[in-house]
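Okay, so here's the structure we're looking at.
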Amino acid sequence: MNKKTRIAITGPMGRMGQILIKEIRKHDHAYLTAALVQKNHPLIGKDIGDILRIGKMDVCITDMLNIKKNDFDVLIDFTKPSSTLKYLQYCNKFKKNIIIGTTGFSREEINIIKSYSQNIAMIVSSNFSIGINLLFQLIEKTTQVIGKNSDMDIIEYHHRNKIDSPSGTALAIGEVISKVMNWDLNKHSIYYKKGITEIRDAKKIGFSIVRAGNIIGKHSVMFSSSSEEIKITHTASNRKSFAKGAIHSALWIHKKNEGLFDMKDVLSF
């Protein structure tokens, strides 16, 4: 790839934003051209490299994109649904592609995102880790083989500050299982709570959620029959895998014109 992909990052002071910037700085085929924050942020005008103590980058923190200078090719967004939709509207207006790692969208918001994909290209994923996307494939195959004869449970663990529950990745796993079983995930899910419960319905996916400490992310899927149990687990030891996957996705989508894609497309599964 001869020409480097120019990347804009939203939420540069957040956990993912900081790691994305540090990984972009080391990348041979991408460079940072914009770091976006909310209006009236106290760091507006400061060099993002200086703020993160990784060396001056000549990229000032800003609350607006300079479209007149055409200063980016792809926007990477890991913020919150309301902010993502604002950035998406901007990208749609000026024909810029976008990588969306935000989770917690409502069904109505998902439909809005899909409508924009008719004009711009976007990758929407609950998890940009290559390992998690391999997990999706393993879950699909396992469900095909033993899903009809197993109770299926998803147990997910995240840090105490995560506000959406279950995680977007846990729901994505549920969708993988539901698609194979030809179920509606909303109708075939169990969210455990205190009290006397009925005998478990066989046609249900169980969800268990842990929010504690500084857990980056762990997802386990159990297939339990009357005679054996299979557990498939992915654990993220740091956020670099998510950042690297998002940057790889930005390079992949740079030359696309429109369409809605996910990591399965990027990784050619």
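Restricting to segment 54-86, what's the tally of residues that are in a helix (DSSP H, G or I) and either crowded, with 21+ Cβ neighbours inside 10 Å or in contact with a Gly (Cβ under 8 Å, 6 or more places away or on another chain) (or both)? Step through it out loud before you land on a result.
Here is the first cut: in segment 54-86, the ones in a helix (DSSP H, G or I) are 67-69, 81-86.
Next cut, either crowded, with 21+ Cβ neighbours inside 10 Å or in contact with a Gly (Cβ under 8 Å, 6 or more places away or on another chain) (or both) only: 81, 83-84.
Total satisfying the criteria: 3.
Being more than 16 Å from Phe261 (Cβ to Cβ) and crowded, with 20+ Cβ neighbours inside 10 Å, is that true of even one residue in segment 114-131? If you could, list the steps in order and put the result at the bottom.
Step one: filter segment 114-131 for residues more than 16 Å from Phe261 (Cβ to Cβ), giving 129, 131.
If we keep only those that are crowded, with 20+ Cβ neighbours inside 10 Å too, we end up with 129.
For segment 114-131, residues more than 16 Å from Phe261 (Cβ to Cβ) and crowded, with 20+ Cβ neighbours inside 10 Å: present.
Name the residue, out of Ser167, Ser178, that is touching a His at 6+ places or on another chain (Cβ under 8 Å), surrounded by 15 or more Cβ atoms within 10 Å (Cβ to Cβ) and modelled with pLDDT under 95. Show your work before the answer.
Values: Ser178 fails: modelled with pLDDT under 95.
After ruling out the rest, the residue left standing is Ser167.
Looking only at residues in segment 98-110 that are under 18 Å from Asp77 (Cα atoms) and of a type outside the set (Ser, Thr, Tyr), which one is modelled with the lowest pLDDT?
Top of the filtered list is Gly104.
Taking interchain pairs and intrachain pairs at least six residues apart, which have beta carbon atoms under 6 angstrom, with the first residue in segment 186-201 and part of a strand (DSSP E or B) and the second of a type in the set (Val, Ile, Thr) and surrounded by 10 or more Cβ atoms within 10 Å (Cβ to Cβ)?
Here the result reads Ser189/Ile205, each pair linking segment 186-201 to a residue that is of a type in the set (Val, Ile, Thr) and surrounded by 10 or more Cβ atoms within 10 Å (Cβ to Cβ).
For the structure I just gave you, tell me whether Asn119 is modelled with pLDDT of 90 or more, over 30 Å from Ala202 (Cβ atoms) and not in a helix (DSSP H, G or I).
Spelling it out, Asn119 is indeed modelled with pLDDT of 90 or more, over 30 Å from Ala202 (Cβ atoms) and not in a helix (DSSP H, G or I).
Please go through segment 20-36 and give me each residue that is under 16 Å from Asp77 (Cβ atoms) and either charged (D, E, K, R) or surrounded by fewer than 20 Cβ atoms within 10 Å (Cβ to Cβ) (or both), ordered by number.
Answer for segment 20-36, where residues must be under 16 Å from Asp77 (Cβ atoms) and either charged (D, E, K, R) or surrounded by fewer than 20 Cβ atoms within 10 Å (Cβ to Cβ) (or both): just Glu23.
In this structure, does Phe207 turn out to be touching a helix residue (DSSP H, G or I) at 6+ places or on another chain (Cβ under 6 Å), at pLDDT 95 or above, among the aromatic types (Phe, Trp, Tyr) and open to solvent by less than 70 Å² (accessible area, probe 1.4 Å)? Can you show your working first?
On the way: touching a helix residue (DSSP H, G or I) at 6+ places or on another chain (Cβ under 6 Å): no; at pLDDT 95 or above: yes; among the aromatic types (Phe, Trp, Tyr): yes; open to solvent by less than 70 Å² (accessible area, probe 1.4 Å): yes.
In short, no.
Would you say Thr142 is in contact (Cβ under 8 Å) with a residue 24 or more places away in the chain, under 16 Å from the mean Cα position of the chain (by Cα) and either more than 19 Å from Gly259 (Cβ to Cβ) or surrounded by 19 or more Cβ atoms within 10 Å (Cβ to Cβ) (or both)?
no
Would you check if there is a residue in segment 18-27 being in contact with a helix residue (DSSP H, G or I) (Cβ under 8 Å, 6 or more places away or on another chain) and under 17 Å from Thr84 (Cα atoms)?
The answer is yes, given that some residue of segment 18-27 is in contact with a helix residue (DSSP H, G or I) (Cβ under 8 Å, 6 or more places away or on another chain) and under 17 Å from Thr84 (Cα atoms).
Among all residue pairs at least 6 apart or on different chains, which show Cβ distances below 7 Å where the first residue, located in segment 230-246, is assigned to a loop (DSSP other than H, G, I, E, B) and the second is open to solvent by less than 70 Å² (accessible area, probe 1.4 Å)?
Pairs that qualify, where the first residue is assigned to a loop (DSSP other than H, G, I, E, B) and the partner is open to solvent by less than 70 Å² (accessible area, probe 1.4 Å), are Ser237/Ile216; Asn238/Ile216; Arg239/Met16; Arg239/Ile19; Arg239/Ile216.
Looking at (1) touching a residue at least 60 places away in the same chain (Cβ under 8 Å); (2) under 20 Å from the mean Cα position of the chain (by Cα), can you tell me which one Lys86 breaks?
(1)
The values are calculated or read from the model by the stated rules, or taken from the named source; none is laboratory data. Every value quoted in this text rests on a predicted model; they were computed, and no experiment measured them. As a convention, Cβ positions derive from the backbone with ideal geometry for all residues, glycine included, and neighbour counts pool all protein chains shown. What goes into the accessible areas is simple: the full protein's heavy atoms, side chains included, and nothing from ligands, DNA or RNA. Shrake-Rupley method; radii C 1.70, N 1.55, O 1.52, S 1.80 Å.
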